[in-house]
Amino acid sequence: MTITTAEYNSRKLAFLRKHEDWTVETSPMNEYGQYHKTYACTDGAIFTEINEPAYETVEIETEVKGVKIRIKQEVKLFRTEGWSTDDATSITCYEKF
């Protein structure tokens, strides 16, 4: 499920507040720019996160001096996906890279 970055951060923070005492481990970045974060709580709960660049091709139509023009461009985004032991449903958000 894709949600806003604000909603993603709110859900992650609510999880961490619920389980209180936690530590985070961050993996090294791989050759694709991807890395993982594991938020481990002392009560055994875990929030897992995958962060990586994501590329999307967007196409827009605009008008210049009465002439309609289509523009197609690749856009680089930063994708964050997370899930937890409380809710295994994956949540994803995107930010401008």
Checklist entry - Which condition number does Thr26 fail, the rest of (1) loosely packed, with under 10 Cβ neighbours inside 10 Å; (2) out of contact with any Cys (no Cβ under 9 Å at 6 or more places or on another chain) being met? => result (1)
Next on the checklist: Being under 24 Å from Lys96 (Cα atoms), hydroxyl-bearing (Ser, Thr, Tyr) and part of a strand (DSSP E or B): is that true of Thr80 here?
Outcome noted: yes
Checklist entry - Residues of segment 42-64 being over 21 Å from the mean Cα position of the chain (by Cα) and on the phi < 0 side of the Ramachandran plot, which ones? => result Thr42, Asp43, Glu59, Ile60, Glu61, Thr62, Glu63, Val64
Checklist entry - Given (1) exposed (fewer than 10 other Cβ atoms within 10 Å of the Cβ); (2) among the charged types (D, E, K, R); (3) in contact with a Lys or Arg (Cβ under 6 Å, 6 or more places away or on another chain), where does Glu52 come up short, assuming only one miss? => result (1)
Checklist entry - So is Lys72 over 24 Å from Ala40 (Cβ atoms), loosely packed, with under 12 Cβ neighbours inside 10 Å, touching a strand residue (DSSP E or B) at 6+ places or on another chain (Cβ under 9 Å) and modelled with pLDDT of 95 or more or not? => result yes
Item to check | Counted residues, segment 1-19 - those being out of contact with any strand residue (DSSP E or B) (no Cβ under 7 Å at 6 or more places or on another chain) and either among the charged types (D, E, K, R) or closer than 19 Å to Glu52 by Cβ (or both) | outcome: 4
Checklist entry - Restricting the first residue to segment 11-34 and requiring it to be assigned to a loop (DSSP other than H, G, I, E, B), which pairs with a second residue that is at pLDDT 95 or above and among the β-branched types (Val, Ile, Thr) meet a Cβ separation below 6 Å and a spacing of at least six or different chains? => result Asp21/Thr42
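The values are calculated or read from the model by the stated rules, or taken from the named source; none is laboratory data. Since we're looking at a predicted model, the values are computed, not measured. Cβ: placed from backbone, ideal geometry, glycine included. Neighbour counts: every protein chain shown.
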